[in-house]
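First up is the structure itself, then whatever we jot down about it.
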Amino acid sequence: MEWETVIGLEIHTQLATKSKIFSGAATAYGAEPNTQACAVDLGLPGVLPVLNQEAVNMAVKFGLAIEAEIAPYSVFARKNYFYPDLPKGYQISQFELPIVGNGHLDIEVDGVTKRIGITRAHLEEDAGKSLHEDFHGLTGIDLNRAGTPLLEIVSEPDMRSAKEAVAYMRKLHELVRYLGICDGNMQEGSFRCDANVSVRPKGQKEFGTRAELKNINSFKFVEKAINYEVERQIDLIEAGGTVVQETRLYDAAKDLTRSMRSKEEANDYRYFPDPDLLPVYISEAFKAEVLTTMPELPDAKKQRFKDQFGLDDESTTILTSSRETADYFEALLAASGCEARLCANWVTGELSAALNKAGQEIADSPVSYDRLAGLLKRIADNTISGKIAKQVFEAMWQSEAEADEIIEKQGLKQITDTGAIEAIIDKIIADNPGQVEQYRSGKDKVFGFFVGQVMKAMQGKANPEEVNRMLKDKLHG
Amino acid sequence: MSLTADEVKKIAHLARLGIDEQDVPHYAEDLSGMLELMAAMGAVDSENVPPMAHPLDLHQRLRNDRVTERNEREKFQAIAPQVEAGLYLVPKVIE
């Protein structure tokens with residue numbers, strides 16, 4: 001039988017506020033345990049939550065970016081469950097009236113664009129962390145994370161393959177970073193993904209029973225976990241079994257998913273409006289104000305790069321993959337005054353490769369855009385060839401010297417003195433009569449040999465076009 | 001609408017309340033009475049009344065995104081039953 005996979009994703013993004021969603025405690029990652037957990041975060045009796053304005057701004061910003069409906073009136077609710085890293089015995093979340101509803105994100109897989117619906121995005125507080133290492137048979141609780149603002153983004157079950165799920169997740173990751181509402185750090189848990197996965201016979205309308213895969217914290221693992229789960233469900237059904245609705249945990253080391261707990265009972269969260277918090281009203285004026293702080297979004301930027309600079313799909317995809325990369329490219333373009341094509345090639349080629357190799361982000365690039373601009377200017381005015389430029393770039397990566405200093409110091413200037421080039425060409429022709437004979441009898445391939453010899457003799461410093469032109473003249477003459 | 005003994009036990013479990021078996025019929029009767037009261041309210045025509053999320057007709061006040069809390073771990077942990085290495089210790093949680 002042919003099966004169809006159905007996937008919906010729930011993505012938790014930690015909002016990049018300085019303080020928590022309902023208290024004035026700091027949200028900075030990596031602090032000593034419980035030093036950023038105040039009375040509100042600990043759920044001590046008598047405390048009251050007060051909503052952080054910036055968390056609301058960020059949620060609205062996200063909603064506007066996915067062309068969603070921003071609720072003029074939204075309500076916080078209590079989600080009741082017991083777990084030691086949730087001190088109040090309930091999580092403040094949103095249930096019936098979330099702040100963002102009904103938006104979408106367009107993804108591209110194998111050259112085909114597909115629209116993925118976003119059902120809702122709601123504000124809630126993060127829980128603390130349980131440390132299960134052995135504390136004499138007890139569990140350690142760190143509540144620094146408790147109360148960190150989260151925007152939970154829930155998609156429609158619109159994805160049909162692990163590949164589409166990963167494309168959606170990447171697109172969303174790119175978007176929240178562009179918007180500056182989440183740092184996107186997956187290792188630190190700033191961007192976490194749960195996947196609802198089910199299968200159904202191709203052509204069937206009703207969805208199959210789904211399993212929820214929890215906390216899969218890298219793009220690679222999302223793809224692997226979904227693929228494993230799909231196979232498991234198909235094997236199970238084909239062997240006469242039935243899929244049960246449950247939460248499953250992905251084990252990256254063994255590349256499999258395993259049952260965590262049956263959801264039936266645990267799922268009884270008994271939501272009700274939180275009496276400690278009043279409804280949130282969002283006016284048109286407020287939305288308009290947030291709109292003025294919106295940066296250019298990835299899709300729009302990509303299109304502009306194509307239209308304005310005539311760049312192709314491949315390089316615009318890389319250049320707009322993060323706001324920092326796009327900013328670097330535009331700054332380089334402005335500072336160098338070179339052609340967009342040349343700037344794009346260097347950012348997506350040499351620079352990206354060097355950053356990858358060093359494991360560095362473009363924002364911390366050892367070669368800043370203005371230093372790189374200094375190098376590109378020398379390519380554009382023919383002071384150095386593209387090949388020598390790579391050598392200069394490497395030296396710039398290792399030091400703080402400007403391109404001009406390196407070119408000067410290492411004597412890398414292109415030789416434009418045609419007399420000097422001519423002398424070398426004459427010598428090489430005289431030294432290789434056999435090859436000259438071959439060339440003149442129609443073996444065009446030998447031409448490359450001559451170019452190579454000349455460039456070698458000139459240590460790569462001759463202008464290749466000039467060498468080509470002069471060689472042809474001499475050999476034909 | 002009246003609750004069964006099993007439903008009462010389930011609610012108690014969800015709320016982590018330990019109740020005596022002998023009190024179950026009493027709770028069932030009591031809670032059922034409350035549900036009947038709600039059912040009675042359902043008879044009122046509320047067609048044109050918007051749902052209310054809070055008895056006060058006010059907006060949520062928002063606070064500026066500023067860190068205003070200092071580290072007071074020492075004080076908080078002084079009243080905790082057991083702490084170690086800055087962590088609150090609780091009975092082992094098994095998933």
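Values computed for the structure shown
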read-out: Members of region A:126-157 found to be among the hydrophobic types (A, V, I, L, M, F, W, C) and either more than 14 Å from chain B (Cβ to nearest Cβ) or touching a helix residue (DSSP H, G or I) at 6+ places or on another chain (Cβ under 8 Å) (or both), listed by number; value: A:Leu143, A:Ala146, A:Leu150, A:Leu151, A:Ile153, A:Val154
read-out: Matching residues, region A:365-391, being within 25 Å of A:Asp327 (Cα to Cα), touching a residue at least 24 places away in the same chain (Cβ under 8 Å) and of a type in the set (Ser, Thr, Tyr); value: A:Ser365, A:Tyr369
read-out: Helices (runs of 4 or more DSSP H) contained in region A:343-427 and holding at least 3 residues under 31 Å from the mean Cα position of the chain (by Cα); value: A:352-358, A:369-380, A:386-398
read-out: Residue check for A:Phe82: farther than 16 Å from A:Gly43 by Cα and among the aromatic types (Phe, Trp, Tyr); value: no
read-out: Residues of region A:172-231 that turn out to be of a type in the set (Asp, Glu) and free of Cβ contacts under 8 Å to residues at least 24 places away in the same chain, as a count; value: 2
read-out: Within region A:1-59, tally of residues that are facing chain B (nearest Cβ under 8 Å), of a type in the set (Asp, Glu) and part of a loop (DSSP other than H, G, I, E, B); value: 1
read-out: Residues located in region A:415-428, provided they are hydrophobic (A, V, I, L, M, F, W, C) and either assigned by TED's automatic domain parsing to the domain that holds A:Arg378 or out of contact with any Leu (no Cβ under 7 Å at 6 or more places or on another chain) (or both); value: A:Ile415, A:Ala420, A:Ile421, A:Ala423, A:Ile424, A:Ile428
read-out: Enumeration of residues in region B:40-84 that are aliphatic (A, V, I, L, M), surrounded by 10 or more Cβ atoms within 10 Å (Cβ to Cβ) and more than 7 Å from chain A (Cβ to nearest Cβ); value: B:Met52, B:Ala80, B:Val83
read-out: Test: A:Phe95 is buried (at least 21 other Cβ atoms within 10 Å of the Cβ), in a loop (DSSP other than H, G, I, E, B) and more than 7 Å from chain B (Cβ to nearest Cβ); value: no
read-out: Qualifying residue in region A:272-282 (condition: within 14 Å of chain B (Cβ to nearest Cβ), part of a helix (DSSP H, G or I) and exposed (fewer than 14 other Cβ atoms within 10 Å of the Cβ)); value: no
read-out: Selection status of A:Leu123, within 14 Å of another protein chain (Cβ to nearest Cβ), surrounded by 22 or more Cβ atoms within 10 Å (Cβ to Cβ) and not in a loop (DSSP other than H, G, I, E, B); value: yes
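The values are calculated or read from the model by the stated rules, or taken from the named source; none is laboratory data. Everything quoted here is computed from the prediction, not taken from an experiment. Virtual Cβ from ideal backbone geometry, glycine too; neighbours counted across all protein chains shown.
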